[in-house]
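Step one of this worksheet: look at the structure below.
The values are calculated or read from the model by the stated rules, or taken from the named source; none is laboratory data. Predicted, not measured: the structure shown is a model, and the values here were computed from it. Here Cβ is always computed from backbone atoms with ideal geometry, including for glycine, and neighbour counts include all displayed protein chains. Accessible surface is based on the protein model in full, side chains and every heavy atom, while ligands, DNA and RNA are left aside. Shrake-Rupley method; radii C 1.70, N 1.55, O 1.52, S 1.80 Å.
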Amino acid sequence: MTDHDTGPSAGAPTARRSGGHTPTGRSLAGHAPTGAAPEGVPPARRSQAGAQDPPHRSTYERWRPSQAVRATALHAGAWWLWALGLATAASRTTNPLLLGLIIGVAGYVVAARRTDAPWARSYGAFLKLGLFVIGLRLLFSMLLGSPVPGSHALFTLPEIPLPAWAQGIRLGGRVTAEQLVFAFYDGLKLAALLVCVGAANALANPARLLKSLPAALYEAGVAVVVAMTFAPNMVADVVRLRTARRLRGRPTGGVKAVLQIGLPVLEGALERSVAIAASMDARGYGRTAEVPPAVRHTTNVLTLGGLLGMCAGTYGLLAAQGAAYGLPVLGVGAALAVAGLRLGGRRSVRTRYRPDRWGARAWLVSGSGAMVAALMIRAGSVDPAALQPGVVPLVAPTLPLWPAAAILIGLLPAFVAPVPPKEASQ
């Protein structure tokens, strides 16, 4: 062996071996190797190569709603069916306690499951609109009178005499507590309907709802979606401009401030409409395939007849007198409309990329709204006095227990719908 053989290259294998492990699992330096158990501790049983122990998950983590990503997002139509069910329930009663409970259920679900998108911020605007409707209804009752007789006079307004052809209408006069309570009940009912519609606007993505429409309604659906997103975008513009004025130290109230904010809002709406028109033209909006005239005429008849039947059936369900024929007419109209839409889909030349799925959570959400509506309709036929409290004589309304429990079923989406990304990250 030469001196060159005893250099570093020759001793490298020896160094690697001296740094290795002895058969007893200890290194020659006297230190435990990385990952080895200390002395006196029995070695743990090794698992198979590449296997990892599953993380421990509590019962809440296993059953809580998943995060709302594209694959698990709730179908937009489920939110609208749920909201329409609550609106149907609100239309069956004038009990302020039940109407307040419906508004509270809708508000809780919106607070638990809405996102930070612009359309999700419109719920507050619908609440303010509902309060405005209640105030307007009370004002009209005081100025124009009410057919409700009352014995508890509150005050008397100066009455303006009207000509003979305006009999039955009065301006001013005596204002009673009974007529104000009746006007409040009526205004609160309309406010509850607006709140339910606002909840659907805040929870359902308009673009995803448009993708779920049948091909025959695509053009009309685009117009409806654009109209639905106008109010939320306008509310977002108003909030943004008010915040900018507040940061600059400028007033945000008064007629002058409203005019200065309104002009940029209208300019933004015009710019968005021009951009939408350009994008629709680039995507071939309005272009259809050639179909025989007989198929086109049959499609129009089926679709128009079906939609009219659905409108009549919906009115029957909402009106107290039409509950008997409302559901059959609604079913027949829906069948005709589906047949017409399937036949009219032949004219559409567009494709649908990654359509939203109607899963089990969508059935639970829409089913909860339908259950609330069905139980309230049933309660109206069993105990109508509890749902329509009288105002003559003036008595305090009572809370019927099982209709109130039926309304609480509408809280189910707050627990089964996917969690918005912001909430899931907290």
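Observations on the structure shown:
- Separation in nanometres of the label points that stand 7 Å from Cα toward Cβ, at residue 177 and residue 308: 5.0
- Distance between the 7 Å Cα→Cβ label points at residue 131 and residue 239: 1.6 nm.
- Extension gain from residue 111 to residue 263, taking 0.36 nm per residue of separation minus the Cα-Cα distance: 51.6 nm
- Residue-level accessible surface for residue 239, protein heavy atoms, 1.4 Å, Å²: 80
- Computed lengthening from residue 152 to residue 325, 0.36 nm per intervening residue step minus Cα-Cα distance: 58.3 nm
- For residue 402, the solvent-accessible surface computed with a 1.4 Å probe is close to 120 Å², ligands and nucleic acids excluded.
- Residue 123 accessible area, assembled protein chains, probe 1.4 Å, Å²: 20
- Residues of the stretch 146-167 with an amide N closer than 20 Å to a point placed 7 Å from the Cα of residue 394 along the Cα-to-Cβ direction: 146-158.
- Per-pair calculated FRET efficiency, R0 = 51 Å: residue 162 and residue 382 via Cβ, rounded to 0.05: 0.70
- Theoretical FRET efficiency, 1/(1+(r/R0)^6), r = Cβ-Cβ of residue 332 and residue 223, R0 25 Å, to 0.05: 0.40
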